[in-house]
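Engineer: Structure provided below as structure tokens; questions to follow.
Coordinate-derived values only; no laboratory data. Bear in mind the structure is a predicted one, so any value in this text is a computation, not a measurement. For neighbour counting, all protein chains shown are included, and Cβ atoms are generated from backbone atoms with ideal geometry for every residue, glycine included.
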Amino acid sequence: MKVSEIFRSIQGEGLNQGRPCTFIRFAGCNLRCSWCDTPQALSGGMEMDPDEVTACVSALGGSYLCITGGEPLLQGRPLLALVESLARHGYMIDIETNGTMDFTGFQDHASICMDVKCPSSGERSDLTLLSSITGNDSVKFVVRDLDDCRYAEGVIEKYPVAGEIFFSPVEGSDASGIARFLLDHDIPARLQLQLHKILGMT
């Protein structure tokens, strides 16, 4: 498996925002979003097997893990074996994915956060995957402007989502305007700013 970095920080997004977290960031991504905030993880990385990843995670401590990227699901079956092993060891696990690959095989062991790509990203997610989101999972729309907000609104109307929904403004965008859109349109979603960036953390 290609690993970009493994580190401890505060979870800045999602259902567990604010919790101490160990992040496993995998390298490699099948998309090239215009506003990508982790370009260092688009390629490269160091080769690690599941046992090496587990040993590194254990050394860092903590009981809550976030598996992210890049696009972690590109790691395939070795990632599933790792997640199954970590779950058996009692870790609580979130997986962040860009909504282009089937994640259903992981849902018995982890909570999925599906990042639905909006127009400003220049990319598209597979919206049919939204039907697999459960009450233990979540959906995130990274929004830059009102066009993105309107796109997200249309997706929510067409594809009912069982999990929590977040609107996450792109860094430097008009977060107040996005909040106003949520208010004016009574969107069943939560505005979520990236807490780790506010705190100046990775």
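Engineer: On the principal axes of its Cα set, how long, how wide and how thick is the chain? Give whole Å, largest value first.
Structural biologist: Sorted largest first, the three principal extents are 49, 35, 28 Å.
Engineer: What is the fewest-to-most order of Val155, Val170 by other Cβ atoms lying within 10 Å of their Cβ?
Structural biologist: Val155, Val170
Engineer: Counting helices only, and only those DSSP H runs with n ≥ 4, report the 222 nm mean residue ellipticity of the chain as the sum of -39,500 (n - 2.57) divided by its residues, in deg cm²/dmol to the nearest 500.
Structural biologist: -7500 deg cm²/dmol, from helical runs alone.
Engineer: Given an 8 Å cut-off on Cα distances and at least 6 residues of separation, report the relative contact order of the chain as a percent.
Structural biologist: The normalised contact order for the chain reaches 19 percent.
Engineer: So what's the gap between the Cα centers of segment 104-120 and segment 139-187, to the nearest angstrom?
Structural biologist: Distance between centres, Cα-based: 17 Å.
Engineer: Quick one: how many lysine pairs in segment 2-198 have C-alpha atoms under 23 angstrom apart, if they're 8 or more apart or on different chains?
Structural biologist: Details: Lys117/Lys140; Lys117/Lys158; Lys117/Lys197; Lys140/Lys158; Lys140/Lys197.
Lysine pairs meeting the criterion: 5.
Engineer: Could I ask something else about it? Any idea what angle helix 77-88 forms with the longest principal axis of the chain, computed on alpha-carbon atoms, 0 to 90 degrees, nearest 10?
Structural biologist: The angle comes out near 80 degrees.
Engineer: Turning to a different aspect of this structure: Report the extension gain between Glu52 and Arg8 in nm, rounded to one decimal, defined as 0.36 nm multiplied by the number of residues separating them, less their alpha carbon distance.
Structural biologist: 14.2 nm
Engineer: At 0.36 nm per residue, and after removing the present C-alpha to C-alpha distance, how many nm does the segment from Ser34 to Thr134 gain when stretched out fully?
Structural biologist: Answer, rounded to one decimal: 33.1 nm.
Engineer: If I take R0 = 30 Å and measure r between the Cβ atoms of Leu80 and Leu146 in this structure, what FRET efficiency does the formula 1/(1 + (r/R0)^6) give, to the nearest 0.05?
Structural biologist: After rounding, the FRET efficiency stands at 0.20.
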